[in-house]
Amino acid sequence: MNVTVTPSRVSGEARAPPSKSYTHRAILASGYADEATVTDALWSADTRATARAVDLYGGSVERDEAGVLEITGFDGRPDVPANVIDCDNSGTTMRLVTATAALADGVTVLTGDASLRSRPQGPLLEAVADLGGEAISTRGNGQAPLVVTGPVAGGSVSIPGDVSSQYISALLMAGAVTEEGIDLELETQLKSAPYVDVTLEVLEDFGVTAEKTADGFSVAGGQAYRPVGGEYAVPGDFSSISYLAAAGAVAGAESVRVAGAHPSAQGDSAIVEILERMGADIEWDHDAGTIDVARSELEGVEVSVEDTPDLLPTIATLGAIADGETHIVDAEHVRYKETDRVSAMAEELEKMGVSSSEERDSLTIHGADSQLSGATVDGRGDHRIVMSLAIAALVAEGETTIQGSEHVDVSFPGFFDVLEGLGARVGTGEESH
């Protein structure tokens with residue numbers, strides 16, 4: 001589906017959706033448990049994929065009219081799935097539940113859509129093999145489809161930290177219910193470290209102890225997943241908050257208030273500090289969980305996305321509107337997401353009149369040499385590209401048509417409704433064929 005965004009001013013209050021990262025982990029942690037209730041969960045294309053995996057491993061995920069998830073788990077002992085696990089477009093699902101597959105006494109097959117089948121899984125497969133399981137890529141290229149055979153009992157393993165932090169999260173979550181536990185040694189510096197912090201936070205909330213060590217991470221075996229009171233509440237999502245905050249900073253008629261912004265381990269809360277550095281009029285009330293931001297004259301800055309890869313599209317959009325240059329560094333791992341987000345943002349913003357320079361590990365947006373104009377742009381099948389381009393469209397001259405807008409359902413269902421509720425002029429239509 002296509003969405004057309006016309007230049008608009010926005011104001012009012014909007015609530016960010018629940019965190020996708022926390023929801024994935026909460027659903028799987030509940031699967032590892034006997035049973036649990038998850039409230040404030042994000043129910044999106046990606047998180048439904050994780051719920052389907054829990055079902056196939058012998059659990060059950062039921063969602064009531066209020067959006068509460070009642071989950072019966074497999075209590076640390078996953079069944080051999082009766083069918084292939086289709087992770088759709090969710091890289092988080094595939095990596096987290098690949099480690100679950102290593103616990104099952106038999107063979108599990110995992111696959112996904114074309115984009116997911118192009119993403120690297122090799123280091124995780126090697127780790128499973130080093131722990132005594134069997135794990136192969138059917139095409140021998142380290143990419144899905146994957147065939148995993150368990151069970152593993154735990155042990156020590158080394159793994160690179162600069163490809164995906166999700167490998168570490170997957171092994172920590174599964175390691176807690178092995179006999180021996182798992183000691184992880186990092187071969188390279190950990191990228192996206194805050195996402196492992198999110199995992200450690202969720203584990204703690206489910207009564208599981210894991211810790212950082214001098215050379216990596218360690219989780220003892222024989223533990224049980226038991227959330228306090230049998231219930232877990234998902235916090236708001238700062239990746240999604242970034243688009244709403246950016247909308248206020250670039251197109252606010254008056255202040256935009258974002259609710260649901262309570263502090264957590266999410267690295268993407270860095271968007272507040274980034275906007276402050278760029279000169280935005282922004283205030284974060286930690287106790288109330290609100291962020292107020294007003295339209296401001298922005299200046300380009302240098303930003304590392306080593307720990308916050310999902311913010312690159314938002315920062316690139318802000319850079320296109322800011323004066324001066326915005327230099328986004330430590331970005332190579334952002335090329336291995338749903339799409340190569342470094343090139344995707346450079347190429348799609350270029351269609352809108354934005355000048356940029358791209359290196360393997362960086363993206364520089366030349367705001368002073370750019371004049372945003374409406375254009376037809378491609379969301380690349382990537383929810384974060386779609387939403388970031390929508391923010392740029394709020395201040396472009398003329399209409400912008402974004403192709404593939406339905407992909408926002410991956411992390412922010414109803415995004416365009418929320419934007420329209422703030423006053424943006426949004427029109428929808430089916431793609432022509």
*Among (1) touching a strand residue (DSSP E or B) at 6+ places or on another chain (Cβ under 6 Å); (2) assigned to a helix (DSSP H, G or I); (3) under 24 Å from Asp292 (Cα atoms), the one test that Val256 misses*: (2)
*Residues that are in a loop (DSSP other than H, G, I, E, B), surrounded by fewer than 20 Cβ atoms within 10 Å (Cβ to Cβ) and of a type outside the set (Gly, Ala, Ser), drawn from the stretch 197-215*: Thr209, Thr213, Asp215
*Kindly indicate whether Val408 is crowded, with 24+ Cβ neighbours inside 10 Å, touching a Phe, Trp or Tyr at 6+ places or on another chain (Cβ under 8 Å) and among the β-branched types (Val, Ile, Thr).*
yes
*Does Glu126 fit the bill of being in the same structural domain as Asp183 (by TED's automatic domain parsing), at pLDDT 95 or above and either closer than 20 Å to Gln223 by Cα or surrounded by fewer than 17 Cβ atoms within 10 Å (Cβ to Cβ) (or both)?*
no
*In the stretch 108-135, how many are outside any helix (DSSP H, G or I), touching a residue at least 12 places away in the same chain (Cβ under 8 Å) and not basic (Lys, Arg)?*
14
*Scan of the stretch 33-67 for residues that are surrounded by fewer than 24 Cβ atoms within 10 Å (Cβ to Cβ) and farther than 26 Å from Glu406 by Cβ, ordered by number*: Asp34, Glu35, Thr37, Thr39, Gly58, Ser60
*Does Ile291 satisfy being assigned to a helix (DSSP H, G or I) and assigned by TED's automatic domain parsing to the domain that holds Arg335?*
no
*asked:* Any residue that is more than 17 Å from Tyr22 (Cβ to Cβ), without any contact (Cβ under 8 Å) to a residue 40 or more places away in the chain and in the same structural domain as Gly324 (by TED's automatic domain parsing) - is there at least one of those in the stretch 217-232?
replied: no
*Give the stretch 1-49 a look and list any residue that's out of contact with any strand residue (DSSP E or B) (no Cβ under 8 Å at 6 or more places or on another chain) and among the hydroxyl-bearing types (Ser, Thr, Tyr), or say none.*
Ser21, Tyr22, Tyr32, Ser44, Thr47
*Every residue from the stretch 1-40 that is among the hydroxyl-bearing types (Ser, Thr, Tyr) and part of a strand (DSSP E or B)*: Thr4, Thr6, Ser11, Thr37, Thr39
*Does Thr72 qualify as being at pLDDT 95 or above, surrounded by fewer than 21 Cβ atoms within 10 Å (Cβ to Cβ) and of a type in the set (S, T, N, Q)?*
yes
_Pair list, Cβ < 6 Å and 6+ apart or interchain, from the stretch 257-275 residues that are farther than 24 Å from Ile328 by Cα to residues that are among the aromatic types (Phe, Trp, Tyr) and buried (at least 20 other Cβ atoms within 10 Å of the Cβ)_ = none
*Under 6 Å between Cβ atoms, at least 6 apart or on separate chains: pull out the pairs that start in the stretch 80-107 with a residue that is on the phi > 0 side of the Ramachandran plot and end on any residue that is buried (at least 22 other Cβ atoms within 10 Å of the Cβ).*
Asp88/Ala49; Asp88/Gly112
*Within the set of pairs 6+ apart or on separate chains, which have a first residue in the stretch 2-16 that is farther than 15 Å from Met387 by Cα, a second that is modelled with pLDDT under 95 and outside any strand (DSSP E or B), and C-beta atoms under 8 Å apart?*
Arg15/Gly260
*So which pairs qualify, if the first residue must be in the stretch 166-189 and surrounded by 24 or more Cβ atoms within 10 Å (Cβ to Cβ), the second must be of a type in the set (D, E, K, R), the Cβ gap must be under 7 Å, and the two must be at least 6 apart or on different chains?*
Gln166/Arg95; Tyr167/Arg95; Ala170/Arg95
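The values are calculated or read from the model by the stated rules, or taken from the named source; none is laboratory data. Keep in mind that what you see is a predicted model, and the values were worked out from it rather than measured. Positions of Cβ are generated from backbone atoms using ideal geometry, with glycine treated the same way; all protein chains shown enter the neighbour counts.
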